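To start, the structure under review is shown below, and the notes come after it.
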Amino acid sequence: MVSENPIKGELKMATIIDGKSLAKKTRENLKIECDKLKLEGITPKLAVIMVGDNPASKVYVRNKSRACSDVGIEYKEYLLPEETTQEELINLIKNLNQDKEINGILLQSPLPRHLDINEAFKAITYMKDVDGFTPSSVGKLCIGEDTFISCTPYGVMKMFEEYNIDLTGKDVVILGRSNIVGKPLIQCCLQKNATVTVCHSKTKNLEEHTKRADIVISAIGQSNFVKADMIKDGAVVIDVGINRDENGKLTGDVDFEGVEKKVSYITPVPGGVGPMTIAMLMNNVIKATKEQQKEKSML
Ligand code: GUN
């Protein structure tokens, strides 16, 4: 759509950030890496654990398994019944930690209510933490060390990189403070020299924050929450939400039609952040495999 760029005083179209294409390109490059590993006799392997019968998780897990097969990563699913105990889950994770055939472990969230997900994540060994959720990975991210970065924030950062969106000195407003997206995003954006504000359900006058933001990243999980009048002209809007609206249609957190008219860059849903999350998971599995090989060769 066409909008007036207040800085240049000229008409400017918003650039739609094409996560689908970038994810495809990323997967193709990872396939080359994976093929190289196979020539050395190493096939990366991801273990995915799912507990119970969450329909959304089933869709995510199916997409992850397809991406693995695209890249050439072996994929093994562990489907545990709803009534699985914490001890059973931890025991499985411990076995997978020791299993030399497995390079990455992903515990699909959410878990049934009776299970403690943080305790379960803590049981995953750092070397196989392809989701970047263990305290070691999170801690390393905070102090700026190389680590496994949570896949959605990592995917968002790759989008900024691809579209040459420089975060230095920019006011970034993140909506949502989850451990999976909001919190790691703070660190990622800080590392790129942004000034970061995090808004959440208890934030007062949320619009005052979003209206002055150069970049808004929404990860709250509410259809059409972010409206055009909450956004500054020419801002960048990244939509992490994956929701269903009242008609069952897949939507993000952003009122795309309205917001697109006034921004410089925007991600669509579907075809935006979602495919990048999965591509970065593939990236982390290859990274884990290579690092485990390096460690083996040093023994
Ligand atoms: N549930 C929703 N998103 C994710 C994700 O990126 N990783 C895991 N493990 N569970 C999720």
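Each value in this text was obtained by applying a stated rule to the coordinates, not by laboratory testing. Note that the structure is a prediction, hence the values are computed from the model and not measured. Heads up, the Cβs are rebuilt from the backbone with ideal geometry, glycines too, and the neighbour counts pull from every protein chain shown.
Here are a few things to note about the model shown:
- The number of Lys pairs in region 195-264 with C-alpha atoms less than 20 Å apart, excluding pairs fewer than 8 positions apart on the same chain, is 13.
- ASN164 versus MET13: modelled label distance in nm, points set 7 Å from Cα along the beta carbon direction: 1.8
- Between THR125 and GLN191, the distance separating the two model label sites (each 7 Å from Cα on the Cα→Cβ line) works out to 2.4 nm.
- For region 224-299, the convex hull spanned by the alpha carbon atoms encloses 116 Å³ per residue.
- Spatially proximal aspartates and glutamates relative to LYS25 (Cα-Cα < 18 Å; intrachain offsets below 8 disregarded): GLU33, ASP35, ASP70, GLU161, GLU162
- Take every Cα pair under 8 Å whose residues are at least 6 apart in sequence, average their separation, divide by the length of the chain, and the relative contact order is 22 percent.
- Considering only alpha-carbon pairs that sit under 8 angstrom and 6 or more positions apart, the relative contact order computed for region 103-210 is 20 percent.
- Straight-distance candidates among the lysines for linking to LYS140, with alpha-carbon spacing under 17 Å and chain neighbours fewer than 8 residues away dropped: LYS122, LYS128, LYS183, LYS192, LYS287.
- Between TYR78 and VAL48, ILE49, MET50, the built amide H atoms are under 5 Å apart, and every one of these is 5 or more places off in sequence or on another chain.
- Modelled FRET efficiency - R0 35 Å, SER21 with GLU145, Cβ distances, 0.05 increments: 0.70
- Cα pair count fraction exceeding 21 Å, expressed as % - region 168-299: 45
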